[in-house]
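Please read the structure below before turning to the comments.
The values are calculated or read from the model by the stated rules, or taken from the named source; none is laboratory data. Owing to the predicted nature of the structure, the values given are computational and were not obtained by experimental measurement. Cβ sites come from the backbone with ideal geometry, for glycine too, and all protein chains shown count toward neighbours. For accessibility, only protein heavy atoms count, side chains too; no ligands or nucleic acids. Shrake-Rupley method; radii C 1.70, N 1.55, O 1.52, S 1.80 Å.
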Amino acid sequence: MVTTKAAVLREAGPDKWWELEELALDEPKAGEVLVRFEAAGLCHSDDHIRAGDSPARLPMVGGHEGAGIVERAGPGVTRVAESDHIVCSFIPVCGKCRYCSTGRQNLCDAGLNAGTGKLPDGTFRFHAGGDDLGGMCVLGTFSEYAVLSETSCVRYEPDIAPEVAALVGCGVTTGWGSAVYAAGVRAGQTVVIFGIGGVGINAVQGAQYAGAKTVIAIDPVPFKLEMAAKLGATHTFTDPVQAREFLVDTTRGQLADHVILTVGIMTSDVVRTGADLAGKDGQVTITGVGKYDLPGALMTLYQRKFHGALFGGANPLHDIPLLLDLYRAGQLKLDELITHRYRLDEVNDGYRDMLAGKNIRGVIEHA
């Protein structure tokens, strides 16, 4: 049995935080691998669990963006091998279910245990003091080591730094795919991205890559808008009212073809504001998590379309390597996304920085 240091959440609530613990870790079983993590991204979804906005079985090891090295492989593993460098896909890809077999790997049935952290056989690999602990999205990248299903692993070449590769396991792919796949942005269109964090900044990159003529970024934090302008936004606004005035003027009242909502916590007000930026037959793509009501009148009168996007509509086995190839070719910016780097014992500092608007993406570098 391996021991590992990990950031654990035992209680959820606005005043609760991650606790560093020493855990016992089982050896990998059939179809599983032991991974030594090198880096983990600090995604807002883990903070939704901490704050109690999203339900989860606790205690839980945090982290669902990660990159590491396969130390040991259990019986029957074929997707990766020992010594392979892997990116974690936050939604597993079984390759066999209805959704995988029809090109919708982001909806794989194997994702059903995201909130419990159970491995496919229904059991756990992390243990402490008689407790069984799951890993966020069946991963737990806020740990030095973890045992994963091979269905959560995507191999990559080690010419890319692990802290860069880790980001493609969730935020980069979700944002880029939200523009390119879920929204289906086309050349010459006008696109609004509302919320410029780890997902929104990559929706900006995706919209620019897809050929949008106008890419408008909206966020209350000027620092984030500066980054958006560097990575493809043609116009930036701190106020959606000002953004709408600009749209009315520059599109002769037609408004946006696409509005992509990527704010940290989705509300009915945000959805309504987003809908009000979309023109006739425009699409509002929603990637953020929260509680909201869809505005019926705003949908019907302008024939607007509302589309929920999970993992940006991407196919991880194809799109994670694709995005890393685009990075190699200089067509996708990843290094620029990393605002601050933290040790594992600084995980709470990283999330406080995120909540204060200081980070595009914070990264934990495992020693």
Completion exercise
Over the chain, with neighbouring protein chains present, the accessible area per residue in Å² at probe 1.4 Å is 40 Å²
Handout entry: Cα long-axis angle, helix 240-250 against the chain (0 to 90 degrees, to the nearest 10)
Key = 50 degrees
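How much of the pair distance distribution for segment 247-294 lies past 17 Å, counting alpha-carbon pairs only, in percent? Could the numbers behind the result be given before it?
Working: 358 of 1128 pairs.
Percent of Cα pairs beyond 17 Å in segment 247-294: 32.
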Handout entry: Lys/Arg +1, Asp/Glu -1 at C-beta; the chain dipole; positive extreme among Tyr342, His48, Gln303
Key = Gln303
Problem - Under 13 Å, Cβ to Cβ, from Ala207 - net charge with Lys/Arg +1 and Asp/Glu -1 - result: +1
Problem - Tensor-based shape of segment 210-299 (alpha-carbon gyration tensor, a/c under 1.5 rounded, otherwise prolate or oblate) - result: oblate
Handout entry: Per-bin percent of Cα-Cα distances, segment 245-349 [10 Å]
Key = 13, 29, 30, 23, 5, 0
Fill in the blank from the handout: Rg from C-alpha atoms of segment 171-210, normalised by the globular rule of thumb 2.2 N^0.38 Å, equals 0.97
Fill in the blank from the handout: Non-local residues with an amide H under 5 Å from the amide H of Leu310, with H modelled 1.01 Å from N and Pro and chain starts lacking one, are none
Exercise for the section: In whole angstrom, note down how far apart the Cα centers of segment 85-159 and segment 251-268 are. Expected result: 32 Å
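Students often check this: by mean Cβ neighbours within 10 Å, which of 357-367, 167-177 ranks highest, and how do the rest follow? Could the numbers behind the result be given before it?
Working: 357-367: 20.5, 167-177: 30.0.
The peptides rank, most packed first, as 167-177, 357-367.
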Problem - q = 0.17, 0.23, 0.28 Å⁻¹: log10 I(q)/I(0) that the Debye formula gives for segment 1-61, counting C-alpha atoms only - result: -0.70, -1.04, -1.18
Completion exercise
Taking the alpha-carbon centre of each part, the distance from segment 212-245 to segment 314-356 in Å is 20 Å
Practice task
Quote the accessible area belonging to Lys213 in square angstrom, nearest 10, computed with a 1.4 Å probe and with ligands, DNA and RNA left uncounted.
Solution key: 140 Å²
Handout entry: Principal-axis tilt of helix 316-328 within the chain, Cα atoms, nearest 10 degrees
Key = 70 degrees
Exercise for the section: State the percent of C-alpha pairs, over all pairs in segment 116-267, separated by a distance greater than 19 angstrom. Expected result: 60 percent
Handout entry: the chain: most fluctuating residue of Cys97, Cys108, Cys43 per GNM, C-alpha cutoff 10 Å
Key = Cys97
Exercise for the section: Convert each backbone phi in segment 123-139 into a coupling constant with the Karplus relation 6.51 cos²θ - 1.76 cosθ + 1.60 (shift: θ = phi - 60°), then list the ³J(HN,Hα) values in order as whole Hz, x for Gly and Pro. Expected result: 10, 10, 10, 8, 9, 7, x, x, 8, 9, 10, x, x, 3, 6, 6, 10
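Dipole of segment 208-367, Cα-centred, from +1 at each Lys and Arg C-beta and -1 at each Asp and Glu C-beta, to the nearest 20 debye?
280 debye
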Practice task
Rounding to the nearest 20 debye, state how big the charge dipole of segment 135-290 is about its Cα centre with +1 on each Lys and Arg Cβ and -1 on each Asp and Glu Cβ.
Solution key: 420 debye
Problem - Kirkwood hydrodynamic radius of segment 1-154, from inverse mean 1/r over distinct Cα pairs, in Å - result: 15.2 Å
Problem - Which of Ser89, Ala110, Ser152, positive extreme of dipole for segment 67-172 (C-beta unit charges) - result: Ala110
Problem - Theoretical ellipticity at 222 nm over the chain - DSSP helices of four or more residues, -39500 (n - 2.57) apiece, nearest 500 - result: -6500 deg cm²/dmol
Problem - Histogram of C-alpha separations across the chain, 10 Å bin width, % - result: 6, 26, 34, 23, 9, 2, 0
Practice task
Treat every Asp and Glu Cβ in the chain as -1 and every Lys and Arg Cβ as +1, leave all other atoms uncharged, and give the resulting dipole magnitude about the Cα centre to the nearest 20 debye.
Solution key: 1240 debye
